[in-house]
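A.B. asks: Structure incoming, see below.
The values are calculated or read from the model by the stated rules, or taken from the named source; none is laboratory data. In this text the structure is predicted, and so the values were computed from the model without any measurement. Because the Cβ atoms are built from the backbone with ideal geometry, glycine has one as well, and the counts that use them run over all protein chains shown.
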Amino acid sequence: MRSAIFLVIIACFACNESAKKEPAATGPQEHLKAPYAAQFYDSLQLTMDAYYDLTDGFSQSNATYVNKWASILKQHVDSLPLQALQMDSVKLAAIRSATGSISAELTGVLGEQDIEEKRAGFGMVSDMLYDIIQATGLKGSTVYRQYCPMAFNDRGAYWMSKSSKLQNPFFGNGMLGCVEVTDSLSY
């Protein structure tokens, strides 16, 4: 009887061990592909770093910091080496259009005096930049998409973060409860 119980325990343990190994085998397949030139990804990473700093400025409600990083982000967006993207011409045209729109929106952010007006532009920049990341990938990085349903009079707004740390650029650090991670893209 003891040997039968022992065999059942060993069988259960073996099943659990093989079940634990399966997710590890599928883990690398969960990463999305980032198939373009390193030159593009290096430039895009600098762009995202400036975006994350801009997000910090909004989280602190610091207009001086926002202006500094909006200007730097605009420079990086304007200098993305889109010619390094070997993709369908329609997709490339959409990315070119999005970078132009991001640049124009950042010019608007820089021209606004009111932090709330700057935040409206930031929301649009965030959405367009997220679309670019989805289309191209961001080699070696994970991008977390966060959401606050109360932003802009309960219309809601999204932004990106390099970590799942709660940070709210639309209400500052006073409303960290109004943040949820809705998606993550891992490349």
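A.B. asks: Residue pairs, Cβ under 6 Å, 6 or more apart or interchain, first in segment 100-120 and closer than 16 Å to Leu73 by Cα, second modelled with pLDDT of 95 or more and of a type in the set (Asp, Glu). List them.
C.D. replies: Partner pairs satisfying both residue conditions: Ser103/Asp78; Lys118/Glu112.
A.B. asks: In addition: Considering only residues of segment 154-179 that are surrounded by fewer than 14 Cβ atoms within 10 Å (Cβ to Cβ) and at pLDDT below 90, which is nearest to the chain's Cα centre (by Cα)?
C.D. replies: Step one: of segment 154-179, the residues surrounded by fewer than 14 Cβ atoms within 10 Å (Cβ to Cβ) are 154-155, 163-165, 173-174, 177.
Next, only the ones that are at pLDDT below 90 stay: 164-165, 173-174, 177.
Details: Ser164: 10, Lys165: 12, Asn173: 19, Gly174: 22, Gly177: 19 Å.
By that ranking, first place goes to Ser164.
A.B. asks: When you look at Asp183, is it closer than 26 Å to Tyr41 by Cα, in a helix (DSSP H, G or I) and acidic (Asp, Glu), yes or no? Talk me through it step by step, then tell me what you get.
C.D. replies: Values: closer than 26 Å to Tyr41 by Cα: yes; in a helix (DSSP H, G or I): no; acidic (Asp, Glu): yes.
When the stated conditions are applied, Asp183 does not pass them.
A.B. asks: Okay, moving on. Being in a helix (DSSP H, G or I), under 27 Å from Leu32 (Cβ atoms) and hydroxyl-bearing (Ser, Thr, Tyr) narrows it down to one residue among Tyr65, Tyr130; which is it? Before you say what the answer is, go through the steps one by one.
C.D. replies: On the way: Tyr65 fails: under 27 Å from Leu32 (Cβ atoms).
Unique residue meeting the criteria: Tyr130.
A.B. asks: Looking at Tyr52, Tyr36 in this structure, which one is under 22 Å from Ser141 (Cα atoms), assigned to a helix (DSSP H, G or I) and modelled with pLDDT of 50 or more?
C.D. replies: Details: Tyr36 fails: assigned to a helix (DSSP H, G or I).
Step by step, each of Tyr52, Tyr36 is checked, and only Tyr52 is under 22 Å from Ser141 (Cα atoms), assigned to a helix (DSSP H, G or I) and modelled with pLDDT of 50 or more.
A.B. asks: Moving on. Please tell me if Ala93 is assigned to a helix (DSSP H, G or I) and in contact (Cβ under 8 Å) with a residue 40 or more places away in the chain. Spell out how you get there, then give the answer.
C.D. replies: Values: assigned to a helix (DSSP H, G or I): yes; in contact (Cβ under 8 Å) with a residue 40 or more places away in the chain: no.
No; evaluated as a whole, the condition is false for this residue.
A.B. asks: What about Ala135, is it of a type outside the set (Asp, Glu), assigned to a helix (DSSP H, G or I) and at pLDDT 95 or above? Lay out the reasoning, then the answer.
C.D. replies: On the way: of a type outside the set (Asp, Glu): yes; assigned to a helix (DSSP H, G or I): yes; at pLDDT 95 or above: no.
When the stated conditions are applied, Ala135 does not pass them.
A.B. asks: OK, next. In the set Ala151, Ala94, Ala104, which member is more than 17 Å from Ala37 (Cα to Cα), crowded, with 19+ Cβ neighbours inside 10 Å and small (Gly, Ala, Ser)? Break it down stepwise before answering.
C.D. replies: Details: Ala94 fails: crowded, with 19+ Cβ neighbours inside 10 Å; Ala104 fails: crowded, with 19+ Cβ neighbours inside 10 Å.
Exactly one of Ala151, Ala94, Ala104 is more than 17 Å from Ala37 (Cα to Cα), crowded, with 19+ Cβ neighbours inside 10 Å and small (Gly, Ala, Ser), namely Ala151.
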